[in-house]
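Novice: Below are the structure tokens for one structure; questions will follow.
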Amino acid sequence: MPSTPAFGDSGVQTLREILDAHRGMEGALLPILHGVQAAFGHVPPEALPIIAQDLNISRAEAHGVMSFYHDFREVPAGRTVLKLCRAESCQAVGADALADHARDRLGVDWHGTTADGAVTLEPVFCLGLCACGPAAMVNGKLVGRADAARIDRILEGAR
Amino acid sequence: MKIWVPLDSAAVALGADDVAMAITAEAAKRGVEITLVRNGSRGMVWLEPLVEIATDDGRLAFGPMEPEDVPALFDGIDTHPKALGLTEKLPWMVRQTRLTFARCGVVDPLSLHDYELHHGLKGLRRALDMTPAEVVQEVTDSGLRGRGGAGFPTGIKWKTVAGAAGPQKYIVCNADEGDSATFADRMLMEGDPFTLIEGMAIAGIAVGATKGYIYTRSEYPIAITQMEKAIKIARVAGILGQRVLGSDIAFDMEVRVGAGAYVCGEETSLLNSMEGKRGVVRAKPPLPALEGFMGKPTVVNNVISLASVPVIMDRGAAFYRNFGMGRSHGTMALQIAGNVKYGGLFETAFGLSLGEIVLDIAGGTATGRPVKAVQVGGPLGAWFPPSLFDTPFTYEDFAAKDGLIGHAGLTLADDRTDMLKMARFAMEFCAIESCGKCTPCRIGAVRGVETLDRVAAGDPSAIPLLTDLCNTMKAGSLCALGGFTPYPVMSALTHFPDDFATAREAAE
């Protein structure tokens with residue numbers, strides 16, 4: 001499993017800079033959480049109480065918001081994040097079989113990370129590529145008309 | 001040599017960036033000067049990456065292009081194996097009525113010069129010369145209805161906000177296009193972002209809102225980047241800011257990014273999300289028009305609704321209204337998807353039949369196998385079998401057949417599709433994405449998955465139970481996520497009973 005780096009003073013410093021950058025923004029919490037995840041690769045548990053205090057909300061509320069949204073991670077992902085679309089249009093062109101192939105090859109289920117920390121497999125429900133499915137996203141890069149061979153090449157490159 | 005290579009997400013997903021790089025490299029290698037424009041998609045996804053080259057006769061199209069095809073572009077475009085002829089003479093383009101998408105794929109998305117050359121900002125300039133009430137009236141008279149899915153008359157919504165008291169009002173653009181089979185919002189934001197900016201500015205003028213937000217999905221990284229760039233350019237050009245195009249009116253906007261929750265496409269869930277809360281659905285009343293973002297009067301409109309406003313203001317309400325059928329006025333941007341031969345974006349006046357769309361325009365399935373069913377309106381829409389292909393594509397006609405057009409996405413599925421599996425997925429998706437507020441949705445969806453598994457195992461009592469559960473979800477859910485999940489489930493059961501019976505028959 002990927003190790004969670006220590007938050008420490010540098011973490012607090014980075015977080016304070018993010019909070020300062022969002023000061024005065026109407027409804028700032030989601031942009032803040034996006035900023036935190038971009039900086040740390042996940043939303044460190046140490047960050048939530050600091051964010052809560054800054055925004056004058058309860059820790060429960062901050063945790064509630066973070067845990068509601070699929071994007072925000074409690075722990076870092078693997079080095080490669082492979083997202084496969086599971087929605088209807090992609091299913092119509094074989095996304096289910098493709099997903100089974102990926103889970104089989106990786107030996108993980110949805111949201112799982114390989115033991116060597118190389119790949120995290122996530123479901124996604126629509127990338128807007130519905131006329132060229134099956135759709136996938138590899139570390140943010142879009143892939144259309146994905147097939148087993150393409151997935152294998154991606155996973156090969158992710159070692 | 002002027003060459004266009006789309007930066008649209010579908011084109012990029014099919015290799016457009018590699019093609020663009022190959023073109024730049026080949027041009028450099030041959031010492032040929034080129035102007036490379038990264039445009040939006042023309043909407044013919046089966047031809048992407050679609051490269052266009054300027055000629056005296058018009059733009060020639062080549063596609064689907066791969067890097068290996070690039071050198072031949074410089075050798076002789078007439079004999080290129082991927083040559084398609086003039087883009088605008090292609091049947092898919094000729095058959096459309098592109099009002100909202102007129103510029104998409106044509107212009108450089110980030111060139112204001114290009115935008116104005118193609119009628120951009122005419123609507124905004126006219127709106128600035130009218131009173132706010134006159135702008136509202138024009139939009140009302142056009143017959144424009146919310147293109148997100150609800151089909152609520154846009155002018156009436158604007159009138160409500162215009163009449164609301166308060167020092168601060170907002171325009172919120174719902175760009176959380178989470179439905180499978182929909183990508184029109186994305187294509188427009190990537191290919192013609194200024195149209196959305198112009199539409200929102202006009203909305204601001206009409207209702208007295210000085211601030212706009214575009215709430216878009218995190219799954220749309222290219223659209224996010226394009227909108228942010230376009231907003232910056234618009235500010236520098238004085239289209240956004242304290243004095244819109246030099247007037248006394250202030251309007252500015254920013255992009256807000258969602259975080260992977262489908263339910264945040266529901267307007268009140270979206271508003272809660274924008275306020276930094278869990279995306280829980282709110283009861284109505286109060287309407288967002290009166291108490292929306294931060295409790296203030298807010299127009300919440302879909303991307304296509306707002307992007308249709310500039311052409312309405314430019315050409316006038318009667319021009320727009322005259323397209324369409326019955327009470328469905330104007331045009332609809334169909335998004336044809338799934339197992340489809342010719343998939344993509346097709347803007348047309350309301351009134352084509354479903355069969356014409358699926359079999360004629362889209363050419364049926366990609367596999368060549370028979371179309372078993374088409375889900376119209378996204379994951380919360382009904383599956384229509386071929387026997388309903390004579391249904392005209394309007395709000396009212398689809399409602400009369402227990403369906404909906406929603407955001408006009410269509411998923412084609414061939415005869416290998418197991419409709420029980422699709423019904424089960426509808427419940428599974430609802431369970432994953434439920435905001436949790438309503439018991440019929442939160443618990444019902446989970447029970448729905450279990451009940452469908454019982455159907456699959458041959459349990460005869462499961463089907464009446466499923467029907468009863470669907471009734472409860474339909475009647476007892478606060479929003480369309482729980483409320484409309486019964487549409488795909490019951491339509492699958494009604495039209496494809498064999499898929500739900502086989503296990504029982506096998507058991508017997």
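Computed from the coordinates by the stated procedures, all read-outs in this text should not be read as laboratory data. What you see is a predicted model; the values in this text were computed from it and never measured. Ideal geometry is used to build each Cβ from the backbone, glycine not excepted, and the neighbour counts take in all protein chains shown.
Novice: Once both labels are modelled 7 Å past Cα along the beta-carbon direction, what's the B:Met325-B:Phe152 spacing in nm?
Specialist: The answer from the label model is 2.7 nm.
Novice: Residue-wise, which Karplus ³J(HN,Hα) couplings in Hz belong to the range B:147-162, taking 6.51 cos²θ - 1.76 cosθ + 1.60, θ = phi - 60°, and x for glycine or proline?
Specialist: Couplings: 8, x, x, 6, x, 7, x, 4, x, 5, 4, 4, 4, 4, 5, 4 Hz.
Novice: Another question about this same structure. Please list, by residue number, everything in the range B:357-377 whose backbone N is under 17 Å from a paramagnetic label point 7 Å out along Cα→Cβ of B:Asp498.
Specialist: B:369-374
Novice: Just counting partner chain Cβ atoms within 10 Å, what average do the residues of peptide B:218-226 show around their Cβ?
Specialist: Taking the mean over all residues of the peptide, I get 3.
Novice: In whole Hz, with x marking every Gly and Pro, tabulate ³J(HN,Hα) for the range B:424-436 from phi via Karplus 6.51 cos²θ - 1.76 cosθ + 1.60, θ = phi - 60°.
Specialist: Result, ordered by residue: 4, 5, 4, 5, 5, 4, 4, 5, 5, 9, 4, 6, x Hz.
Novice: In terms of Cα to Cα distance under 19 Å, which lysines are near enough to B:Lys372, apart from those fewer than 8 places away along the same chain?
Specialist: Correct list for B:Lys372: B:Lys341, B:Lys401, B:Lys421.
Novice: Now for a separate question. If you count the DSSP beta bridges with both ends in chain B, what percent of them are antiparallel, to the nearest 5? Intermediate values should be presented prior to the final figure.
Specialist: Numbers: 29 of 53 bridges.
If I count the DSSP bridges inside chain B, around 55 percent turn out antiparallel.
Novice: Could you work out [θ]222 nm for chain A from helices alone, using -39500 (n - 2.57) per DSSP H run of at least four and dividing by all its residues? Round to the nearest 500 deg cm²/dmol. Display every interim value, and only then the final one.
Specialist: Numbers: 7 runs with 71 residues, N = 159.
Value at 222 nm, helices only, nearest 500: -13000 deg cm²/dmol.
Novice: Here is a further query. Please get the size of the charge dipole for chain B, origin at its Cα centre, with Cβ charges of +1 on Lys and Arg and -1 on Asp and Glu, quoted in debye to the nearest 20.
Specialist: The calculated dipole for chain B is roughly 1480 debye.
Novice: Scan around B:Gly241 for amide H atoms under 5 Å from its own, H built in the peptide plane at 1.01 Å from N, and keep only partners 5 or more places away or cross-chain.
Specialist: B:Phe251, B:Asp252
Novice: Under 5 Å between amide hydrogens, which residues at least 5 positions from B:Phe384 or on another chain qualify, with H placed 1.01 Å from N in the peptide plane?
Specialist: The answer is B:Val374, B:Gln375, B:Val376.
Novice: Would you pull out the residues with amide H under 5 Å of B:Asn302's amide H, same chain only if 5 or more places away, H placed 1.01 Å from N?
Specialist: For B:Asn302, whose amide H was placed from the backbone, the distant partners under 5 Å are B:Arg147, B:Gly148, B:Asn174.
Novice: Using the Cα gyration tensor of chain B, with a ≥ b ≥ c the square roots of its eigenvalues, what is the shape: rounded (a/c below 1.5), prolate (a/b larger than b/c) or oblate (neither)?
Specialist: oblate
Novice: A further question follows. Quick one: what are the phi-derived ³J(HN,Hα) couplings along the range B:106-113, Karplus 6.51/-1.76/1.60 with θ = phi - 60°, whole Hz, x for glycine and proline?
Specialist: 8, 8, 6, x, 9, 9, 5, 4
Novice: Identify the residues of the range B:393-409 with backbone N under 19 Å of a label point that sits 7 angstrom from the Cα of B:Asp360 along the Cα-to-Cβ direction, or state none.
Specialist: The answer is B:393-395, B:397-398, whose backbone nitrogens lie closer than 19 Å to the label point.
Novice: Ok, one more. Taking R0 as 30 Å, what's the FRET efficiency between B:Lys2 and A:Ala149 from their Cβ-Cβ distance, rounded to 0.05?
Specialist: 0.25
Novice: Quote the convex hull volume per residue of the range B:201-266, based on C-alpha atoms, as a whole number of Å³.
Specialist: Hull volume normalised by residue count: 77 Å³.
Novice: Distance from the Cα centre of the range A:17-55 to that of the range B:276-312, in angstrom?
Specialist: Taking the Cα centre of the range B:276-312 as reference, the centre of the range A:17-55 is 25 Å away.
Novice: Say R0 is 41 Å: what FRET efficiency, to the nearest 0.05, do B:Thr24 and B:Thr367 get from their beta-carbon distance?
Specialist: 0.65
Novice: Restricting attention to the range A:69-116, which chymotrypsin sites (Phe, Trp or Tyr not before Pro) occupy a DSSP loop and are surrounded by at most 16 other Cβ atoms within 10 Å?
Specialist: Sites meeting the loop and neighbour criteria: A:Trp110.
Novice: So what's the back-of-envelope 222 nm ellipticity for chain B, counting only DSSP H runs of four-plus at -39500 (n - 2.57) apiece and dividing by all residues, rounded to 500?
Specialist: On the way: 21 runs with 207 residues, N = 508.
Theoretical 222 nm ellipticity from helices: -12000 deg cm²/dmol.
Novice: Let me ask another. Which of B:Gly199, B:Thr140, B:Gly163 sits closest to the plus end of the dipole of the range B:71-219, meaning its Cα is farthest towards the positive end, when Lys and Arg get +1 and Asp and Glu get -1 on the C-beta?
Specialist: B:Gly163
Novice: List the lysines whose alpha-carbon lies under 16 Å from that of B:Lys232, not counting same-chain residues fewer than 8 positions away?
Specialist: Correct list for B:Lys232: B:Lys211.
Novice: Shifting gears a bit: Where a ≥ b ≥ c are the square roots of the eigenvalues of the C-alpha gyration tensor, would you call the protein assembly as shown rounded, which needs a/c under 1.5, or, failing that, prolate if a/b is larger than b/c, or oblate? Kindly include the intermediate steps, with their values, before the conclusion.
Specialist: Numbers: a/c = 1.15, a/b = 1.07, b/c = 1.07.
In terms of gyration-tensor shape, rounded.
Novice: When a/c reaches 1.5 or more, the comparison of a/b and b/c decides; with that in mind, is the range B:153-296 rounded, prolate or oblate per its Cα gyration tensor?
Specialist: oblate
Novice: How long is the gain from B:Val94 to B:Ala237 if the chain were fully straight, where each residue apart is worth 0.36 nm and the alpha carbon distance is subtracted?
Specialist: Numbers: separation 143, 0.36 × 143 = 51.48 nm, distance 3.41 nm.
Result for the pair: 48.1 nm of gain on full extension.
Novice: Which distance in Å, rounded to a whole number, links the C-alpha centroids of the range B:337-412 and the range B:24-95?
Specialist: Here the answer is 30 Å between Cα centres.
Novice: I've got another one for you. Separation between the B:Leu36 and A:Asp100 pseudo-spin-labels, each 7 Å from Cα along Cα→Cβ, expressed in nm?
Specialist: Between B:Leu36 and A:Asp100, the simple spin-label model gives 4.1 nm.
Novice: Here is a follow-up. Cross-link partners among aspartates and glutamates for B:Lys284, C-alpha distance below 14 Å, same-chain residues fewer than 8 apart left out?
Specialist: Partners found: B:Glu266, B:Glu267.
Novice: Out of all DSSP beta bridges in the protein assembly as shown, what portion is antiparallel? Express it as a percent rounded to 5.
Specialist: Working: 36 of 66 bridges.
Bridges in the protein assembly as shown that DSSP calls antiparallel: roughly 55 percent.
Novice: I would also like to ask the following. Between the DSSP loop rule and a limit of at most 14 other Cβ atoms within 10 Å, which trypsin sites (Lys or Arg not before Pro) in the range B:67-102 are left?
Specialist: When the trypsin sites (Lys or Arg not before Pro) of the range B:67-102 are filtered for loop state and at most 14 Cβ neighbours within 10 Å, B:Arg95 remain.
Novice: Let me ask another. Roughly how big is the protein assembly as shown's charge dipole about its Cα centre, with Cβ charges of +1 (Lys, Arg) and -1 (Asp, Glu), in debye to the nearest 20?
Specialist: That gives the protein assembly as shown a dipole magnitude of about 1200 debye.
Novice: Report the label-to-label distance for A:His63 and B:Lys229 in nanometres (one decimal), using points 7 Å from each Cα along the Cα→Cβ vector.
Specialist: My value for the distance between the label points is 4.2 nm.
Novice: Right, next: For B:Asp141 and B:Asp453, what is the calculated FRET efficiency with R₀ set at 60 Å and r taken between the beta-carbons, to the nearest 0.05?
Specialist: The pair B:Asp141/B:Asp453 has a calculated efficiency of 0.70.
Novice: Can I ask one more? What order do you get for A:Ile154, B:Ile304 when you list them from fewest to most C-beta neighbours inside 10 Å?
Specialist: A:Ile154, B:Ile304
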